[in-house]
Each structure stands twice: as structure tokens, then as C-alpha cells.
Amino acid sequence: MTGPITSTLNPDQQKVAGDALQGTLVDMIDLSLIAKQAHWNVVGPQFRSLHLALDEIVTAARTYTDEVAERLTAIGVSPDGRATTVAQDSGTTGFGAGWTKDEQVVAVITDNLAAVIGRLRERIAATDEADPVTQDLLIAQTAGLEQTHWMWQAQLA
């Protein structure tokens, strides 16, 4: 179906930007779900601080998800955030089932943040010429996640 929203980007630019944004969409949805799963299952001496910090990741990832979905729509691409799409296309490292010790939660969240950031950096490079507006959005989100990654990584030092 041809969409009701047109784009000021040419078809090649729209494809590059759309692919980058769609990949980011699924990664951000999955990151929010991983952080919420960890939030519910963290145990150990750092429980309280991690429980609260995980919700900060959830909030940021959900905000980023909405920004990305709205940018997709703005360039005439229908966002696909369905569970099956997220499960199939996400580049996160995931989170196991059951209670998880606080130290392991820190390591797993740090790894997931690094995975998402790595994919974002690839998309930043890919959108350089195709769509600087999309690139700016991805840069801003990467900066926020890199700060979060640093703070989580510091707990492993």
C-alpha cells in the first residue's frame, strides 16, 4: 500500500534513513523491555539503586522510541514496532529469565547499551549524506546512551 505520508527525501535517501530509523526503533523497544525485565528481577545489595536506575533507562529508551517512530512517519515510512519484528531484528544481547544478581545485571545492561550504541554509530555513518536530520537525531540519542553506558560501566570498575 502506498502511504498517505509523502517525504521530501528522494527514494534513495528515504530508504537509507528509513532503514536506519527502523533498526533503531526495534533496538530501543528491546532496550526498554530488557531494562524493565532487569528492573523486576534484580536482587542483591545494589537492588534499590539499580531498580531506580533501570527505570531511567526504560524512560529514555521509550522517549527515543517515540522520537524515532515520529521521524519515520515524517519521512513517509510506517514504523514497525510489533513484538515479532523486535524479536527478529533487534541487535541487543538480551536478558535471561529469573532472578539476577545485581553485579550480573550491571554487566548485562552495560553489554546491551554497548550493542545498541555500536549499531547507532553504524547508522550515523550511513545517514551522513542521505539525511542529516535523521543523523542528528541518531547522534543525540547516541550521546545520551553513551553517557548512560559510562555510568553503568563505572559500576564494573
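Here Leu138 passes the criteria (1) under 16 Å from Gly18 (Cα atoms); (2) without any contact (Cβ under 8 Å) to a residue 60 or more places away in the chain except the one numbered (2).
Please tell me if Thr84 is in a helix (DSSP H, G or I), open to solvent by 80 Å² or more (accessible area, probe 1.4 Å) and without any contact (Cβ under 8 Å) to a residue 40 or more places away in the chain. Step through it out loud before you land on a result.
Details: in a helix (DSSP H, G or I): yes; open to solvent by 80 Å² or more (accessible area, probe 1.4 Å): yes; without any contact (Cβ under 8 Å) to a residue 40 or more places away in the chain: yes.
Yes; evaluated as a whole, the condition is true for this residue.
With respect to the conditions (1) closer than 26 Å to Pro45 by Cα; (2) surrounded by 14 or more Cβ atoms within 10 Å (Cβ to Cβ); (3) without any contact (Cβ under 8 Å) to a residue 40 or more places away in the chain, Gly96 lacks only one, and its number is (2). Is at least one residue of region 33-55 closer than 30 Å to Gln13 by Cβ and at pLDDT 95 or above? The answer is no; no qualifying residue exists. Filtered by the rule that a residue be hydrophobic (A, V, I, L, M, F, W, C) and open to solvent by 70 Å² or more (accessible area, probe 1.4 Å), region 135-154 gives Ile139, Trp150, Met151.
Of the set (1) touching a residue at least 60 places away in the same chain (Cβ under 8 Å); (2) farther than 18 Å from Ile124 by Cα, all apply to Arg71 but (2). Would you say Ser32 is over 12 Å from the mean Cα position of the chain (by Cα), assigned to a helix (DSSP H, G or I) and either surrounded by 15 or more Cβ atoms within 10 Å (Cβ to Cβ) or free of Cβ contacts under 8 Å to residues at least 24 places away in the same chain (or both)? No. Selection within region 104-134: residues that are without any contact (Cβ under 8 Å) to a residue 60 or more places away in the chain and over 21 Å from Asp30 (Cα atoms). The member of this set that is most open to solvent (accessible area, probe 1.4 Å) is Glu129. Restricting attention to region 108-143, the residues being over 28 Å from Phe95 (Cβ atoms) and either touching a strand residue (DSSP E or B) at 6+ places or on another chain (Cβ under 6 Å) or among the basic types (Lys, Arg) (or both) number 0.
The values are calculated or read from the model by the stated rules, or taken from the named source; none is laboratory data. Values in this document were obtained by computation on a predicted structure and should not be read as measured data. Cβ sites come from the backbone with ideal geometry, for glycine too, and all protein chains shown count toward neighbours. Protein only, heavy atoms only, side chains kept; ligands, DNA and RNA dropped before computing areas. Shrake-Rupley method; radii C 1.70, N 1.55, O 1.52, S 1.80 Å.
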